[in-house]
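Provided herewith is a single structure, encoded as structure tokens, for subsequent inquiry.
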Amino acid sequence: MRKYLIAGNWKMYTTPPEATTLASAIAEKQQFLSPPSSVQTLICPPYTSIYAAVEAVKGSGVRVGAQDCHTENKGAFTGEIAPAMVKASGCSHVIVGHSERRQYFSETNALLNKKILAALNEGLVPIYCVGETLIERKQEQTIAVVRSQLVDGLKDVSLKSADQLVIAYEPVWAIGTGLAATSDQAQEVHAAIRGFLKEILGAHGAETLILYGGSLKPENAEEILAKPDVGGGLIGGASLQEDSFAAIIAMACKLAL
Ligand code: 13P
């Protein structure tokens, strides 16, 4: 059976009451779909809506994650949220190194490496995002960029099992643009990532899930999720609407069988 993780990145959307409404609707869809254990569902609300989301999805099998975390577990870091706090709030996963963090908050591979190690230390599953900009793709730098993001970001990471870490390939030019990578473009980079993960992580690198992100929607999800090295999706816009998110979960359920 193929494994999939279908993850929604809610970005800076939803107040706590809105999160309760959306998470409850997703939990209801999930219960209706009743995915096999090889298909996991995750929602990542903003920090202030995590509690509301955790309460709303209780007992449904939907998991909750955070969109970022700090490198330290406590201290005088005004405005930051520690991995231990994320974990204690009921999260199983944390997104690390989303391109919006890299672009607008100047997060570097070296900083993200510290965040990944800190998250792993708390038993959180980091979803480490990599991906090239449009200029880098045009200059045929895609594979080199992704390689250095992986080599530097995963420095000193050693896994006890493949499911302790998730990678998300998110081409920056495809995020929020409606212009997704084709399934062949996605597979080409996912296959390269698979090779790098084996080099960096050894045997577990052969099984670590690699999600595709960037304008994933019901219309293109089946073709992309069917590709051999695609292990799920990290979904922005289409995860903010329970019908489109559930349609993607349903496709993963079909492909998992
Ligand atoms: P969109 O699905 O809105 O393109 O966003 C993708 C993304 O950034 C998920 O992390």
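Which whole-Hz ³J(HN,Hα) couplings does region 72-83 yield from phi under the Karplus relation 6.51 cos²θ - 1.76 cosθ + 1.60, θ = phi - 60°, glycine and proline marked x?
Along region 72-83, the couplings run 10, 8, 7, x, 7, 10, 3, x, 8, 10, 7, x Hz.
Which trypsin sites (Lys or Arg not before Pro) in region 145-190 pass both tests, a DSSP loop state and at most 16 other beta-carbon atoms within 10 Å?
Here the sparse-neighbourhood loop sites are 155, 160.
Could you list which residues have their amide H under 5 Å from that of residue 80, counting only those 5 or more apart in sequence or on another chain, with H placed in the peptide plane?
none
Also, I was wondering about something else. From the backbone phi of region 247-255, what are the Karplus-calculated ³J(HN,Hα) couplings (6.51 cos²θ - 1.76 cosθ + 1.60, θ = phi - 60°) in whole Hz, Gly and Pro given as x?
These are the phi-based 3J(HN,Hα) values: 5, 6, 4, 4, 5, 4, 4, 5, 6 Hz.
Same structure, new question: If you average 1/r across every pair of different Cα atoms in the chain and take the reciprocal, what Kirkwood value do you get, in Å?
Taking the inverse mean of 1/r over all distinct Cα pairs, the chain comes out at 18.0 Å.
Same structure again: Which far-off residues, 5 or more places away or on another chain, put their amide H under 5 Å from the one on residue 10, with H placed in the peptide plane?
Those qualifying (amide H under 5 Å, at least 5 residues apart or on another chain) are 44.
Still on this structure, I have one more. Can you give the FRET efficiency to the nearest 0.05 for residue 21 and residue 121, using r as the Cβ-Cβ distance and R₀ = 25 Å?
With a Förster radius of 25 Å, E is 0.15.
Taking DSSP loops as anything outside H, G, I, E and B, show the longest stretch in the chain free of chymotrypsin sites (Phe, Trp or Tyr not before Pro) there with at most 15 other beta carbons within 10 Å.
Longest stretch, sites excluded: 106-257.
Counting only helical runs of four or more DSSP H residues, what would the 222 nm mean residue ellipticity of the chain come to if each run contributes -39,500 (n - 2.57) and the total is spread over all its residues?
Calculated mean residue ellipticity at 222 nm is -13500 deg cm²/dmol.
Please list, ordered by chain and number, the residues whose modelled amide H lies under 5 Å from the amide H of residue 68; skip anything fewer than 5 residues away on the same chain.
95
Sticking with this structure for a sec: List the aspartates and glutamates whose alpha-carbon lies under 20 Å from that of residue 87, not counting same-chain residues fewer than 8 positions away?
55, 68, 72, 122, 163
Multiply the residue gap between residue 161 and residue 182 by 0.36 nm, knock off their C-alpha separation, and tell me the result in nm, one decimal place.
4.5 nm is the gain from fully extending residue 161 to residue 182.
Quick one: Karplus J couplings for region 39-54, per residue in order, coefficients 6.51, -1.76, 1.60, θ = phi - 60°, nearest Hz, x for Gly and Pro?
So the Karplus estimates, Gly and Pro as x, are 10, 9, 10, 9, 10, 10, x, x, 3, 5, 10, 4, 4, 4, 5, 4 Hz.
Readers should treat all values here as calculations from the given coordinates under stated rules, not as data from a laboratory. Computed from a prediction, not measured in an experiment: that's the story for all the values here. Counting neighbours? That spans all protein chains shown, and the Cβs are built from the backbone with ideal geometry, glycine included.
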